[in-house]
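Scroll down for the structure; my scribbles are underneath it.
The values are calculated or read from the model by the stated rules, or taken from the named source; none is laboratory data. What you see is a predicted model, and the numbers here were worked out from it, not measured in a lab. Ideal geometry is used to build each Cβ from the backbone, glycine not excepted, and the neighbour counts take in all protein chains shown. The protein model used for the area step is the full one, side chains on, heavy atoms only, and it has no ligands, DNA or RNA in it. Shrake-Rupley method; radii C 1.70, N 1.55, O 1.52, S 1.80 Å.
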Amino acid sequence: MSDTPKKGWFQRLSAGLSRSSKQMTEQVVSTFVKEPLSEEALERLEEHLIESDLGPAASARIVERFRALRFGKSSDEREVKEALAEAVAAELLPRQASFDPLSGPKPYVVLFVGVNGSGKTTTLGKIASDLTARGARVMIVAGDTFRAAAREQLKVWADRAGAHFESRRDGADAAGLAFDAYTKAKAEGFDVVLIDTAGRLQNKSTLMDELLKIVRVLKKVDADAPHETLLVLDATVGRNALEQEKIFGRTAYVSGVVMTKLDGTARGGVLVPVAQASDAPIKLIGVGEGVDDLQAFDARAFSRSLVGLEN
């Protein structure tokens, strides 16, 4: 995805985060507008932030920033929101990174990991559409060979994006498919290869073994492949996203996190503890079903939208 947000993205981001914004700021703002800063008010602030899924560590640091500000009786709503936005941004700025598969080696291989239902297939499809619109030759690989529905959904995205599509029969070896597809992409001059993977958590060790096998065979073609491994997380599962990050992040060599469905939850603040728990930075976020509703992560824009401020 381009690092330059398309026109209207900030408005869509704010609209998508409106439920989270209301959840987070309603009580916080009323607390500090009605009374001067006090230890009791700061304790309530910490409780509200934890309830908004920011996590205890980040919530405690944000409270310390508020304590240093020492609001007076004249504090207004905007002043409080600005301070909260800056405090959240300070937590997230070190965890922001870019995603640009057209700036690396060709073909640039991106592996998508995450549990079934996280928005992984849709995220891959949106990225493919963005890349082909920018003139790239894209190959989509249906590496989840256990779910026919996933392959069919990917085929729809490939056709819509004008991308080449590679798949195999039910139960086929995903690593073998990845190897053959990458070899073909290299021989035929593709720019980007996007590989979907299975996300079954019923047997975590089998799933991880399969992912690592895919990584190993890709490295037989190019020692640096995959060039990017994106973990796709669903914001609507709240703090369960932290557990998913733990399962995938430490095993699958994740290089970037994508947080989807932020428009479907009142607890978009969960992005903060996920970002801080992950060894990989946040690269993309999604706030809707449209292709343009997946964009580069901007910590300041996200923080301002999260507290209900315009950009």
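Residues that are assigned to a loop (DSSP other than H, G, I, E, B) and at pLDDT 90 or above within segment 280-297 comprise Ala280, Pro281, Phe297, listed in sequence order.
Is one or more of the residues making up segment 162-178 assigned to a helix (DSSP H, G or I), surrounded by fewer than 15 Cβ atoms within 10 Å (Cβ to Cβ), free of Cβ contacts under 8 Å to residues at least 12 places away in the same chain and out of contact with any strand residue (DSSP E or B) (no Cβ under 8 Å at 6 or more places or on another chain)?
Among the residues of segment 162-178, not one is assigned to a helix (DSSP H, G or I), surrounded by fewer than 15 Cβ atoms within 10 Å (Cβ to Cβ), free of Cβ contacts under 8 Å to residues at least 12 places away in the same chain and out of contact with any strand residue (DSSP E or B) (no Cβ under 8 Å at 6 or more places or on another chain), which makes the answer no.
When segment 115-145 is filtered for residues that are part of a loop (DSSP other than H, G, I, E, B) and not charged (D, E, K, R), the ones remaining, listed by number, are Val115, Asn116, Gly117, Ser118, Gly119, Gly135, Ala136, Ala142, Gly143, Thr145. One residue stands out among those in segment 218-270 that are open to solvent by less than 50 Å² (accessible area, probe 1.4 Å), hydroxyl-bearing (Ser, Thr, Tyr) and part of a loop (DSSP other than H, G, I, E, B): the one that is farthest from Asp100 (Cα to Cα), which is Thr265. When Val274 is tested against (1) farther than 27 Å from Ala149 by Cα; (2) open to solvent by 10 Å² or more (accessible area, probe 1.4 Å); (3) not small (Gly, Ala, Ser), only condition (2) is not met. The set of residues in segment 189-217 being open to solvent by 50 Å² or more (accessible area, probe 1.4 Å), without any contact (Cβ under 8 Å) to a residue 12 or more places away in the chain and assigned to a helix (DSSP H, G or I) consists of Ser205, Thr206, Asp209. Look at (1) open to solvent by 10 Å² or more (accessible area, probe 1.4 Å); (2) among the β-branched types (Val, Ile, Thr); (3) farther than 22 Å from Ser305 by Cα and you find that Val109 fails only one, number (1).
When segment 92-111 is filtered for residues that are under 19 Å from Ala275 (Cα atoms) and of a type in the set (A, V, I, L, M, F, W, C), the ones remaining, listed by number, are Leu92, Leu93, Ala97, Phe99. Each residue in segment 179-188 was checked for being free of Cβ contacts under 8 Å to residues at least 60 places away in the same chain and open to solvent by 10 Å² or more (accessible area, probe 1.4 Å), and 6 pass. Among the conditions (1) surrounded by 14 or more Cβ atoms within 10 Å (Cβ to Cβ); (2) within 14 Å of Gly125 (Cβ to Cβ), Glu152 misses just one, which is (1).
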